[in-house]
């Protein structure tokens with residue numbers, strides 16, 4: 001059996017990925033929910049750096065009275081935030097499986113749409129959630145093992161030893177995080193495409209990554225470069241839109257005064273949000289498609305080497321299905 005590996009055509013994968021998401025724009029909705037469930041929102045509280053916040057007994061008393069007066073609303077708000085976060089997480093997990101099933105159908109030239117893909121993705125919710133939890137707790141355990149001694153040394157005021165240990169912990173932590181991110185990505189594919197169990201999916205994901213470390217990192221760097229270019233393109237689009245809306249705003253201000261400014265501000269914000277969501281959804285769908293096609297390349301490579309990988313698994317299942325028919 002030959003040990004030679006065929007060369008991966010990265011540019012062709014990127015071209016095919018763009019063609020797929022352009023011809024199947026419903027995939028953007030999957031990308032939208034994946035991005036929304038995985039990215040989240042960042043809030044910043046404005047602060048005046050010139051004034052020092054003093055936590056006095058009066059401040060504590062005011063906070064206590066405020067919490068006592070509005071505790072029902074506080075609890076309701078926290079509950080709403082938690083429920084909203086759970087819904088986003090669930091949609092992200094379902095759409096993660098749904099886009100894989102949809103891409104599989106597209107690759108096999110089968111008819112598929114958003115509702116069918118979403119329905120198929122729901123079947124894998126608990127298993128993908130289990131993978132997320134297992135690898136999430138693994139990250140948490142690594143963080144505790146690596147950084148708890150650092151905190152302890154800082155507490156003991158051993159700053160030199162703590163700083164050296166912190167640098168070492170970071171150097172160990174970053175490669176492990178990269179490994180786990182690839183494990184999660186590839187385990188999803190095994191779980192959905194080859195229908196393997198949770199443990200087997202993670203084990204196979206590790207074996208595929210171990211045999212394709214360089215090509216996996218190369219693919220990740222290519223997609224990172226595309227993401228950076230897309231980011232600059234988005235900034236350019238926002239800048240051009242800002243110029244257009246500023247000119248329109250000046251005209252409306254001359255005609256309608258403050259109301260014209262309000263109208264153009266609301267319209268500009270709406271257009272900006274729509275463009276950002278469209279571009280981020282398309283980019284996420286593009287990433288997922290590129291990884292899907294790339295995974296088929298490296299899984300096929302390993303299948304040629306060991307005869308025990310994804311394509312063999314799918315072929316066996318299809319053969320079993322034909323025998324039942």
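Every number in this text was worked out from the coordinates using simple rules, so none of it is lab data. Quick caveat, the model's predicted, so the values are computed rather than measured. We place every Cβ from the backbone using ideal geometry, glycine too, and count neighbours over all the protein chains shown.
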How high is the relative contact order of region 126-196? Use alpha-carbon pairs under 8 Å, at least six apart in sequence, and give a whole percent.
42
Any chance you could run the full-extension gain for residue 130 through residue 81? It's 0.36 nm times the residue separation minus the Cα-Cα distance, nm to one decimal.
15.4 nm
For the pair residue 122/residue 275, report the inter-label distance in nm, with labels modelled 7 Å from Cα in the Cβ direction.
3.7
Under the rule rounded for a/c under 1.5, else prolate if a/b exceeds b/c, else oblate, using alpha carbon gyration tensor axes a ≥ b ≥ c, region 137-269 is classed as oblate
Checked region 162-209 with the C-alpha gyration tensor, a ≥ b ≥ c its square-rooted eigenvalues, rounded below a/c of 1.5, otherwise prolate if a/b is larger than b/c and oblate if not; verdict prolate
Ascending count of other beta-carbon atoms within 10 Å, so fewest first, for 190, 155, 124:
155, 124, 190
Would you kindly state how much longer the chain becomes between residue 261 and residue 236 on full extension, computed as 0.36 nm times their sequence separation minus their alpha carbon distance, in nm to one decimal?
6.7 nm
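Within 10 Å of each residue's Cβ, count the other Cβ atoms and sort 110, 297 from fewest upward.
110, 297
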Using alpha carbons only, what's the Rg to Rh ratio of region 110-214 with Rh from Kirkwood?
1.17
Taking a crude spin-label model, label points 7 Å out from Cα along the C-beta direction, the residue 228 to residue 167 distance in nm is 2.5
Here the gain from full extension of residue 247 to residue 108, 0.36 nm per residue of separation minus their alpha-carbon distance, amounts to 45.0 nm
